[in-house]
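Colleague: The structure that follows is given in the form of structure tokens.
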Amino acid sequence: MRFDVVTLFPDMITAAASYGVTGRAIQREIVSLSVWNPRDYTNDKHRTVDDRPYGGGPGMVMKYQPLHDAVKDAKLSCTETAKVVYLSPQGKPITQDLLSEACAVSQLILVAGRYEGVDERFVDKTCDDEWSIGDYVISGGELAALIVIDAVTRLLPGVLGDEGSALQDSHMNGLLDYPHFTRPELIEGSLVPDVLLSGNHTEIEVWRMKQMLGRTWQKRPDLLENKKLSAEQERLLQQFKSEVE
Ligand code: 9D3
């Protein structure tokens, strides 16, 4: 998988992506990351990337031409299937399913905007899709692009090792994770649940599934609304509910 990020702050992308799981995936050449600065595609002496909005109002708008030429160059660097995604508050909310589908392309060109946004004709002519990270306001698309890079990289074969395969990730199954404990056994009067010390791996698995269901019901009941549970899962959830009463 190849990621190309079009951004006025390229160092923000390369710096953040160099850590942890994404950093290792880049080192191991499972993914490649390139950055393209629209400022490098300007032709005037002030290297102007923004201009005042037609119709007036506050703020500035990113100009079409530098963005378009940066994306064009990013596309030239690859021959296979590319998808151009503009990160914006108006985009489709990103979900695990949306990101799973994105793994099918060999190149994701992520466009991070700044200021009030980009000239709408760039969205119409140059972008294939528009994605949002949720209904809150951040200052530009870079952090959103990093979220996409991180979440997609985790899904690629060979990226995750022992720390849990992507298949085991909660949200892959639409449920929240079970609670985790490590040493010591006793902290300020709180003991680790007995079952986790039992060595009975079947019982532990069943307890963890029950916790996943129960915690999803408690903290994110919306996730259970459109979810089909097995008969066993229904039974575990009922058991969890009766125990909190
Ligand atoms: C507060 C300014 N807003 C109304 C005048 C418009 C606005 C413009 C640009 C709000 C945010 C931004 C910058 N945001 C992004 O580039 C962005 C974003 C976001 O703010 N929320 C959720 N997902 C995303 S993806 C990119």
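The values are calculated or read from the model by the stated rules, or taken from the named source; none is laboratory data. None of the values given here were measured: they were computed from a predicted structure. Neighbour counts run over all protein chains shown; Cβ positions are idealised from the backbone, glycine included. Note: accessible area is taken over every heavy atom of the protein model, side chains too, but ligands, DNA and RNA are not part of it. Shrake-Rupley method; radii C 1.70, N 1.55, O 1.52, S 1.80 Å.
Colleague: Using a 10 angstrom cutoff on alpha carbons, build the Gaussian network for the chain and name the most mobile of Q65, Q168, Q96.
Modeller: Q168
Colleague: Can you return the aspartates and glutamates within cross-link range of K228? Criterion is Cα-Cα under 19 Å, with same-chain partners fewer than 8 residues away left out.
Modeller: By straight Cα distance, K228 reaches D97, D169, D177.
Colleague: Which percent, nearest 5, of DSSP beta bridges in the range 76-211 are antiparallel?
Modeller: Antiparallel bridges: around 15 percent, rounded to the nearest 5.
Colleague: Non-local amide H neighbours of Y178 (under 5 Å, H modeled in plane, Pro and chain starts lacking H): which ones?
Modeller: Correct list: empty.
Colleague: Taking a probe of 1.4 Å, how large is the accessible area per residue of the chain, in Å²?
Modeller: Accessible area per residue: 60 Å².
Colleague: To continue, here is another question. Can you tell me the 0 to 90 degree angle between the C-alpha axis of helix 201-219 and the longest principal axis of the chain, rounded to 10?
Modeller: Approximately 60 degrees, to the nearest ten.
Colleague: Translational diffusion coefficient of the range 94-231 at 10 °C, 1.306 mPa s, Stokes-Einstein with Kirkwood Rh over Cα pairs, in µm²/s as a whole number.
Modeller: Numbers: Rh = 18.6 Å.
For these conditions, the coefficient is 86 µm²/s.
Colleague: At 7 Å along Cα-to-Cβ for each site, give me the label-to-label distance between S77 and V206 in nm.
Modeller: Here the answer is 5.4 nm between the modelled labels.
Colleague: A further question on this structure: What is the percent of Cα-Cα separations in the range 168-244 that go past 17 Å?
Modeller: Here the long-distance tail beyond 17 Å is 49 percent of all Cα pairs in the range 168-244.
Colleague: I would also like to ask the following. Of the trypsin sites (Lys or Arg not before Pro) in the range 1-74, which ones lie in a loop per DSSP and count no more than 12 other C-beta atoms within 10 Å?
Modeller: Sites meeting the loop and neighbour criteria: R28, K45.
Colleague: Give me the three principal axis extents of the chain from the C-alpha atoms, as integers in angstrom, largest value leading.
Modeller: Cα spread of the chain along its principal axes, largest to smallest: 70, 42, 37 Å.
Colleague: Of all the accessible heavy-atom surface of the chain, with the other protein chains kept in place and a 1.4 Å probe, what percent is carbon and sulfur?
Modeller: C and S atoms contribute 50 percent here.
Colleague: Students often get this wrong, so check it: of K72/K125; K92/K227; K75/K125; K92/K219; K219/K241, which have C-alpha atoms separated by over 18 Å?
Modeller: K92/K227; K92/K219
Colleague: Give me the tail of P(r) for the range 205-245 as a percent: Cα-Cα pairs with distance above 17 Å.
Modeller: When all Cα pairs of the range 205-245 are counted, 19 percent exceed 17 Å.
Colleague: Looking only at the range 2-153, where both bridge partners belong to it, what percent of the DSSP beta bridges are antiparallel (to the nearest 5)?
Modeller: Percentage antiparallel, nearest 5: 10.
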